[in-house]
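Working notes, structure below.
The values are calculated or read from the model by the stated rules, or taken from the named source; none is laboratory data. Small disclaimer: the values here were computed from a predicted structure and weren't measured. Here the Cβ is made from the backbone with ideal geometry for all residues, glycine too, and neighbour counts use every protein chain on show.
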């Protein structure tokens with residue numbers, strides 16, 4: 001899976017779940033201030049990502065550090081790379 | 001005005017209606033509800049998806065039309081099932097009519113009394129279909145509980161409009177909407193709140209119909225002719241038809257409404273609710289009559305003062321007979337009586353509120369809406385003045401009945417408001 005394919009899957013999943021504007025999914029956007037998510041949404045975001053990529057991430061400490069859409073892209077990228085190596 | 005003057009218990013406040021909102025099988029507004037009733041339309045349709053439920057014989061229902069859920073922001077809608085969406089949209093219409101703005105919602109003067117029969121069956125079914133595959137909670141969303149909890153409608157409406165007063169979520173099946181209005185009325189009478197957003201909501205699920213079908217109380221003979229059922233008080237009625245929707249009213253103390261300078265649509269002058277402990281399912285005419293008598297006492301009026309009775313009458317074999325006997329016992333044969341179930345089906349927890357709203361419309365317009373499909377009165381029903389055609393009538397006082405499974409009876413008394 002290419003980096004762009006991963007970004008597309010993430011963005012599509014978030015757009016659908018949180019009714020976001022697909023044209024405005026820029027990586028520098030804050031998921032809280034710009035995309036309008038809150039603590040309930042971020043829990044559900046993990047479930048959505050787990051469903052989209054068929055992995056388990058809810059116990060990953062890094063999730064708490066996510067602030068921007070780009071952080072999500074990078075986190076998922078790293079997670080998939082680790083899983084591929086294992 | 002103090003937020004809470006319950007310390008001055010001796011003051012009994014008059015309570016008026018200043019806003020109304022409706023999501024019904026006729027559309028998402030009070031105007032469409034009113035128009036559908038006046039045109040003698042039926043909201044009942046054949047429902048193909050109900051065929052998927054093995055053993056379900058009644059395949060007709062009155063579903064809402066024209067609802068636009070996205071009028072509610074996702075932040076609030078995410079914790080709502082359909083019933084809360086209906087309630088929130090009806091509440092929006094009622095608040096707008098009553099000219100209650102955000103500051104007033106947040107003032108603590110406004111409370112919410114809004115209920116449903118159960119939490120969302122559809123959401124519950126969807127969750128358990130997934131959960132029972134592997135008993136895993138890993139796919140469980142955070143907003144599930146908020147759609148299942150018994151006070152889902154009340155809480156979601158309060159959250160959406162930032163209402164900070166009291167929250168009450170009565171759940172008394174078919175009497176829920178009336179109880180909500182009645183309890184809201186009593187809260188204002190006692191001075192605990194100046195304004196209450198009151199009503200009920202329910203969403204249709206085939207299992208709702210199944211509940212009545214298994215008790216042989218659902219209409220099963222009109223799957224090919226849905227526009228001819230249900231038939232309250234009619235000799236050829238064959239049971240009730242389930243519906244959905246929401247009715248919400250703004251109740252307010254008279255002094256609050258006058259202070260705010262808003263239009264007063266009607267006055268609530270009495271309410272009674274009681275438990276019929278003779279049976280959890282079967283109606284009892286004498287207990288129904290007692291409820292109506294208690295409502296009259298509550299309002300300080302005589303039976304002869306009532307100009308119209310809006311009956312619960314769902315078109316079940318026993319219920320209509322019992323209610324007709326109870327009305328005859330209290331009022332004799334001369335008070336005009338009609339039921340709106342022929343038009344709307346039984347909108348469950350919404351019915352008391354939607355039918356109260358419709359009754360207020362009749363009072364304001366001076367026209368009685370007849371019982372749809374009442375072609376030949378059942379000779380087993382008591383001798384009453386059944387309204388079978390639209391009728392011009394000066395209605396000063398109306399009584400609204402609702403009787404629920406579980407043995408919960410309610411009677412509300414509404415008065416046309418005049419500046420006196």
> Would a scan of the range B:136-151 turn up a residue that is surrounded by 19 or more Cβ atoms within 10 Å (Cβ to Cβ), more than 14 Å from chain A (Cβ to nearest Cβ) and within 30 Å of residue B:193 (Cβ to Cβ)?
Replying inline: yes
>> Just checking, does the range B:139-146 include any residue being on the phi > 0 side of the Ramachandran plot, in the same structural domain as residue B:46 (by TED's automatic domain parsing), free of Cβ contacts under 8 Å to residues at least 60 places away in the same chain and not in a helix (DSSP H, G or I)?
In response: no
> If residue A:76 passes every condition in (1) assigned to a helix (DSSP H, G or I); (2) touching a helix residue (DSSP H, G or I) at 6+ places or on another chain (Cβ under 9 Å); (3) within 14 Å of chain B (Cβ to nearest Cβ) but one, which one does it miss?
Replying inline: (3)
>> touching a residue at least 12 places away in the same chain (Cβ under 8 Å) and touching a strand residue (DSSP E or B) at 6+ places or on another chain (Cβ under 7 Å): which single residue out of A:29, A:20 fits that description?
In response: A:29
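Does the range B:62-82 include one or more residues that are in a helix (DSSP H, G or I) and touching a strand residue (DSSP E or B) at 6+ places or on another chain (Cβ under 6 Å)?
Within the range B:62-82, not a single residue is in a helix (DSSP H, G or I) and touching a strand residue (DSSP E or B) at 6+ places or on another chain (Cβ under 6 Å).
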> Can you spot a residue in the range B:162-184 that is over 16 Å from the mean Cα position of the chain (by Cα), touching a residue at least 12 places away in the same chain (Cβ under 8 Å) and part of a helix (DSSP H, G or I)?
Replying inline: no
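Would a scan of the range B:99-112 turn up a residue that is buried (at least 24 other Cβ atoms within 10 Å of the Cβ), in contact with a helix residue (DSSP H, G or I) (Cβ under 9 Å, 6 or more places away or on another chain) and part of a helix (DSSP H, G or I)?
no
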> Which ones in the range A:61-70 are in a loop (DSSP other than H, G, I, E, B) and exposed (fewer than 15 other Cβ atoms within 10 Å of the Cβ)?
Replying inline: A:67
> Going by the structure shown, is residue B:101 more than 30 Å from residue A:53 (Cβ to Cβ) and without any contact (Cβ under 8 Å) to a residue 24 or more places away in the chain?
Replying inline: yes
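Rundown of residues vs (1) closer than 22 Å to residue B:143 by Cα; (2) within 14 Å of chain B (Cβ to nearest Cβ); (3) modelled with pLDDT under 95; (4) buried (at least 18 other Cβ atoms within 10 Å of the Cβ), yes/no style:
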{"residue": "A:9", "(1), (2), (3), (4)": "no, no, no, no"}
{"residue": "A:15", "(1), (2), (3), (4)": "yes, yes, no, no"}
{"residue": "A:26", "(1), (2), (3), (4)": "no, no, no, no"}
{"residue": "A:32", "(1), (2), (3), (4)": "yes, yes, no, no"}
{"residue": "A:35", "(1), (2), (3), (4)": "yes, yes, no, yes"}
{"residue": "A:58", "(1), (2), (3), (4)": "yes, yes, yes, no"}
{"residue": "A:83", "(1), (2), (3), (4)": "no, no, yes, no"}
